[in-house]
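Structure record follows, encoded as structure tokens.
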């Protein structure tokens with residue numbers, strides 16, 4: 001596979017940007033790289049401060065980073081180290097990561113104890129353990145026996161020295177101070193944050209190693225990391241390891257503990273407090289959520305039930321109702337029939353100037369029903385007809401019940417329910433015994449709207465649909481009477 005499809009493209013993209021190439025995807029590559037890899041490289045460079053703006057143009061910081069023949073992460077770390085007077089340890093960090101990890105993992109407890117006894121305890125950064133391990137091997141002249149005691153691969157450790165010297169020479173050439181002077185470990189860790197802010201991770205809980213990472217990712221802190229108690233960290237290495245059933249585990253290695261205050265110090269534009277009104281699925285109510293975020297990573301979240309804006313609460317509850325997550329008990333078939341009656345009134349009697357209720361209008365009506373509520377519990381039992389009835393004027397309401405009533409009074413005194421549909425005539429459904437003595441046709445709205453009659457058997461199932469009962473009794477009933485009387489002998493059959 002070509003290198004352009006295998007390697008990190010951040011340094012290449014930064015070079016292209018410095019050359020005036022804004023659209024790196026359209027650049028005439030000899031071998032086209034993966035578009036996602038290019039996007040990831042640009043995103044990283046934005047996080048490092050090397051690119052900015054809608055077109056992601058190179059910044060002054062980005063141009064300075066190009067002076068170092070290193071991955072942009074470590075170039076950014078060296079520039080930060082200059083301001084914090086800790087170039088030497090950061091240059092060593094860069095050298096430590098260029099080759100194979102010389103600190104052997106999965107060692108015996110005796111080796112771990114020997115490391116702690118000789119190198120001391122470490123709880124701030126895996127980098128610091130690596131640095132002390134290399135310094136120990138360097139002083140021991142990389143002797144196999146001495147290195148083996150601490151689980152150090154001597155030959156790999158030996159390769160760090162020349163790289164370290166090379167990086168120091170580059171830094172000095174670029175005007176950085178490389179003097180060996182005592183520095184605060186916190187300043188060094190801030191440099192790590194500067195280079196790996198896009199891999200900032202927050203522990204999800206103290207009982208596990210699960211972490212949430214910037215840019216919507218999740219992973220596990222490596223078990224061998226020395227910062228097991230850190231709640232906030234950056235990982236210099238993120239690897240994907242295949243698990244059972246095709247599962248992919250994301251492991252965070254070479255981690256450094258971070259103080260939250262440093263995020264605001266180094267990245268003031270990316271560290272922010274946000275207040276939002278949200279529907280809390282667990283509490284089943286609208287709350288005000290106050291979050292502290294670094295980019296898209298939520299560092300702290302608190303919810304309050306006080307001072308919830310009613311307009312925002314209504315909009316959120318309405319969305320839940322529309323998604324069927326909250327059921328309005330009072331919004332039943334009767335309500336749906338009322339809406340259909342309104343819409344057919346508008347259709348059949350345009351002179352009344354009734355405005356039909358569309359799908360968008362339903363949403364508006366539900367917004368109005370939700371107004372004043374903040375919880376699903378109180379909303380579920382809220383009356384809905386008072387809001388719906390306000391859709392019509394008093395005159396239109398009166399005409400609705402006269403022209404298109406819910407029930408129709410028949411000559412035998414019975415009042416049968418009418419069912420209205422979005423298309424076609426209304427339907428009167430009644431058991432056949434309830435229709436004895438009824439003849440002719442039915443209409444509504446002063447004769448303008450014909451009615452279909454659905455004749456039901458005693459089991460409430462339709463046996464005939466007609467618009468003329470006289471014709472039904474004369475033509476159809478004699479044919480089905482005998483069968484019906486056999487099936488339902490306890491009922492009256494005239």
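The values are calculated or read from the model by the stated rules, or taken from the named source; none is laboratory data. Quick caveat, the model's predicted, so the values are computed rather than measured. Positions of Cβ are generated from backbone atoms using ideal geometry, with glycine treated the same way; all protein chains shown enter the neighbour counts.
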Inset, instruction - Kindly indicate whether any position in the range 63-79 is surrounded by fewer than 16 Cβ atoms within 10 Å (Cβ to Cβ) and closer than 21 Å to residue 225 by Cα. - result: no
Inset, instruction - Hey, can you tell me all the residues within the range 101-120 that are over 22 Å from residue 75 (Cβ atoms), surrounded by 10 or more Cβ atoms within 10 Å (Cβ to Cβ) and under 41 Å from the mean Cα position of the chain (by Cα)? - result: 102, 103, 104, 105, 107
Inset, instruction - Read through the list (1) part of a helix (DSSP H, G or I); (2) out of contact with any strand residue (DSSP E or B) (no Cβ under 9 Å at 6 or more places or on another chain), then give the number of the only condition that residue 136 fails. - result: (2)
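State whether one or more residues within the range 257-264 are in contact (Cβ under 8 Å) with a residue 24 or more places away in the chain, in contact with a helix residue (DSSP H, G or I) (Cβ under 9 Å, 6 or more places away or on another chain), part of a helix (DSSP H, G or I) and buried (at least 16 other Cβ atoms within 10 Å of the Cβ).
Our first condition is that a residue be in contact (Cβ under 8 Å) with a residue 24 or more places away in the chain; within the range 257-264, this holds for 257-260, 262-263.
So of that shortlist, the ones also in contact with a helix residue (DSSP H, G or I) (Cβ under 9 Å, 6 or more places away or on another chain) come out as 257-259, 262-263.
Now narrow it down to the ones that are part of a helix (DSSP H, G or I): 262-263.
This time we only want the ones that are buried (at least 16 other Cβ atoms within 10 Å of the Cβ), so: 262-263.
Yes, because at least one residue in the range 257-264 is in contact (Cβ under 8 Å) with a residue 24 or more places away in the chain, in contact with a helix residue (DSSP H, G or I) (Cβ under 9 Å, 6 or more places away or on another chain), part of a helix (DSSP H, G or I) and buried (at least 16 other Cβ atoms within 10 Å of the Cβ).
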Legend entry - Yes/no for residue 234 being modelled with pLDDT of 95 or more and part of a strand (DSSP E or B): yes
Inset, instruction - Note down all Cβ pairs under 7 Å where the first residue falls in the range 38-67 and is in contact (Cβ under 8 Å) with a residue 60 or more places away in the chain, the second is surrounded by fewer than 18 Cβ atoms within 10 Å (Cβ to Cβ), and they're at least six residues apart or on different chains. - result: 67/174
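Could you list, in sequence order, the residues of the range 468-494 that are in contact with a strand residue (DSSP E or B) (Cβ under 7 Å, 6 or more places away or on another chain) and under 15 Å from residue 434 (Cα atoms)? Steps first, please.
Let us first name the residues in the range 468-494 that are in contact with a strand residue (DSSP E or B) (Cβ under 7 Å, 6 or more places away or on another chain), namely 469, 472, 476, 480.
Across the range 468-494, the qualifying residues are 469, 472.
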Legend entry - When residues of the range 447-466 are limited to those that are modelled with pLDDT of 90 or more and assigned to a loop (DSSP other than H, G, I, E, B), the one nearest to residue 411 (Cα to Cα): 447
Legend entry - Given (1) in a strand (DSSP E or B); (2) more than 21 Å from the chain's Cα centre (by Cα); (3) more than 19 Å from residue 295 (Cβ to Cβ), number of the condition residue 176 does not satisfy: (1)
Legend entry - Failed item in (1) out of contact with any strand residue (DSSP E or B) (no Cβ under 6 Å at 6 or more places or on another chain); (2) surrounded by 16 or more Cβ atoms within 10 Å (Cβ to Cβ); (3) farther than 18 Å from residue 449 by Cα, with residue 381 passing the rest: (2)
Inset, instruction - Take the range 179-221 and flag every residue that is surrounded by fewer than 16 Cβ atoms within 10 Å (Cβ to Cβ), within 24 Å of the chain's Cα centre (by Cα) and part of a loop (DSSP other than H, G, I, E, B). - result: 204, 205, 206, 208, 215, 216
Legend entry - Qualifying helices (runs of 4 or more DSSP H) (wholly inside the range 353-422; at least 3 residues being farther than 27 Å from residue 318 by Cβ): 394-403
Legend entry - Residues located in the range 322-341, provided they are under 14 Å from residue 419 (Cα atoms), out of contact with any helix residue (DSSP H, G or I) (no Cβ under 7 Å at 6 or more places or on another chain) and crowded, with 16+ Cβ neighbours inside 10 Å: 337, 339, 340
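Assigned to a helix (DSSP H, G or I), in contact with a helix residue (DSSP H, G or I) (Cβ under 6 Å, 6 or more places away or on another chain) and within 30 Å of residue 446 (Cβ to Cβ): does that describe residue 317? Walk me through it before giving the result.
Working: assigned to a helix (DSSP H, G or I): yes; in contact with a helix residue (DSSP H, G or I) (Cβ under 6 Å, 6 or more places away or on another chain): yes; within 30 Å of residue 446 (Cβ to Cβ): no.
Judged against the criteria, residue 317 is not a match.
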